[in-house]
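A short reminder: the numbers here are calculations on the coordinates, not readings from a lab. Treat the numbers as computed from the prediction; the structure is a model and nothing was measured. Neighbour counts run over all protein chains shown; Cβ positions are idealised from the backbone, glycine included.
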Amino acid sequence: MTPIEILTALGMSEGRADPYPLYAALHEIGPVIEVGPGDIIVVGYDAINSVLRDPGFRVSDESNFERDLPSWRANPVFVQVADWILNLNAPRHSRIRSLIARAFTARRVAGLEPAIAKMAGELLDAMADRGADGSAVEFMHDFAYLLPVTVICELIGIPEADREGFRPIARDLVGIFELRDLEALPKINAAAVELLAYFTGLAASRRANPRDDLLSDLLAISDRDDGTLTDAELLHNLTLLLVAGFETTTNLLGNGLQIILQDPPAGQAVRDGSVPVSAFVEEVLRFDSPVQLTSRVGYDTTLGGVAIRPGTGLATLLGAGNRDPRRFTDPARFDPMRPDGGPLSFGGGAHFCIGAALARLEAAVAFPRLLSRFPKISAAGQPTRRDTLLLRGFDQLPVTLI
Ligand code: HEM
């Protein structure tokens, strides 16, 4: 197959359902592939790593929005997205990211463990009730989707009473990551407006009465720094935390469970502790990454022997890099004990995922509890995948528990 044929196949539902044979075909062509003028895909592990760690490669920012969609400012969602650290380059990126990182500390994440365990326990109780008569339970809806969104609400400091109404809006906003046509925009804009109004009110209340939560910390840091972080930057990046940490972690849980359903000994090994849950989670991230790709804009350089020009678009296929045969022995084999781990699933360099430790913690808390609570958990019918390429996961993963 030619690179164009492979990319066309990846753009179709079947290719998205199982991109791995197509990635293997890309690896045979080379680590860096020019698919057209100004269009490059990067599939090799080392090449992806170099792109992500090289500040010369920039993320698409406001200037690209201006070129691609001159009316972007009329869309509330793009006004927020333009402030997201995900879409900022230095020096603005470094300034805002370092302020957020001062509030999103390892200590704050570790401190969430008891709350995550409690939430996971409650969700498992509810699943047990629903599946007590042997009927099928929907894992994505009943667990994988609810745990991460509740955890982020807890992290930010969103009161319990507000959380339920919050989830569908957050889900609508996640649509911005897979925007295929502008028809979806009104719904996404509405979600962006509603979330911003909510966070504005919550911030005012936390400013008046700070609590032990991320929002209060962020406000304190921003007020102490005397306006270095504007309120708009702060509030817009709160919506980023919500959407970036939610469907991604949902997919980590779903993709991990699907591996166990297809390979019960892998689940047994986590249950009896012969495989540490952290090793299992790293291998799930590598084997079936919840985020399959990210992108950068090129500068005048050479990458893997291919000339890059300023403005060239590079798609770095993280999911392909995780299956690079030059980096991983027998890459299509799921092996949590492999000595050559180190997935690219959280990216690398300046934009390395700020929530990686939280996502790993959620999965490490969830899997052992799920597996010991339901030792007989089994697939109940065909799972359905979400028809998306960037975020990879399931819509439905029906299981029986007894
Ligand atoms: C399994 C779950 C997750 C995966 C696979 C994932 C993946 C990623 C990747 C690949 C990037 C880098 C994108 C790039 O370089 O262009 C990223 C950035 C980011 N992630 Fe995650 N993420 C996950 C969970 C989370 C969580 C739980 C949060 C927060 C609560 C979060 C917040 C962010 C933020 C704010 C960024 C932007 C960082 C920056 O641009 O400086 N993520 N994530």
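Quick look at the numbers
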quantity: Given charges at beta-carbon only (K, R positive; D, E negative), |dipole| of segment 112-241 in Debye; calculated: 160
quantity: Debye equation applied to the C-alpha atoms of segment 238-375, log10 I(q)/I(0) at 0.22 Å⁻¹; calculated: -1.38
quantity: Normalised contact order of the chain, rounded percent, pairs of Cα under 8 Å and 6 or more residues apart; calculated: 27
quantity: Rg/Rh (Cα only; Kirkwood hydrodynamic radius) as it applies to segment 261-309; calculated: 1.32
quantity: Two-decimal Rg to Rh for segment 230-286 - Kirkwood Rh, Cα set; calculated: 1.24
quantity: Taking all pairs of distinct alpha-carbon atoms in segment 166-296, Kirkwood radius in angstrom; calculated: 17.6
quantity: Whole-Å distance, taken between Cα centres, linking segment 208-250 and segment 42-57; calculated: 29
quantity: Cα→Cβ-extended label distance, 7 Å offset, between Glu28 and Asp133, nm; calculated: 5.2
quantity: Relative contact order of segment 232-352, defined on C-alpha pairs under 8 angstrom at six or more residues apart (%); calculated: 24
quantity: Relative contact order (%) - segment 131-217, alpha-carbon pairs under 8 angstrom, separation at least six; calculated: 31
quantity: Helix-only mean residue ellipticity at 222 nm for the chain, each DSSP H run of n ≥ 4 adding -39500 (n - 2.57), per residue, nearest 500; calculated: -16000 deg cm²/dmol
quantity: Residue among Thr316, Ser274, Tyr299 farthest towards the positive dipole end of segment 274-335, charges placed on Cβ; calculated: Tyr299
quantity: Per residue Cα convex hull volume in Å³ - calculated over the chain; calculated: 140
quantity: Cα-centred dipole magnitude for the chain, charges only on beta-carbon of K, R (+1) and D, E (-1), debye, nearest 20; calculated: 600
quantity: Highest-MSF residue in the chain out of Ser345, Ser289, Ser205 [GNM, Cα springs under 10 Å]; calculated: Ser205
quantity: Viscosity 1.002 mPa s, temperature 20 °C, Stokes-Einstein D of segment 329-389 from Kirkwood C-alpha radius, µm²/s; calculated: 141
quantity: Taking only Cα atoms of segment 280-347, radius of gyration then Dmax in Å; calculated: 14.0, 41
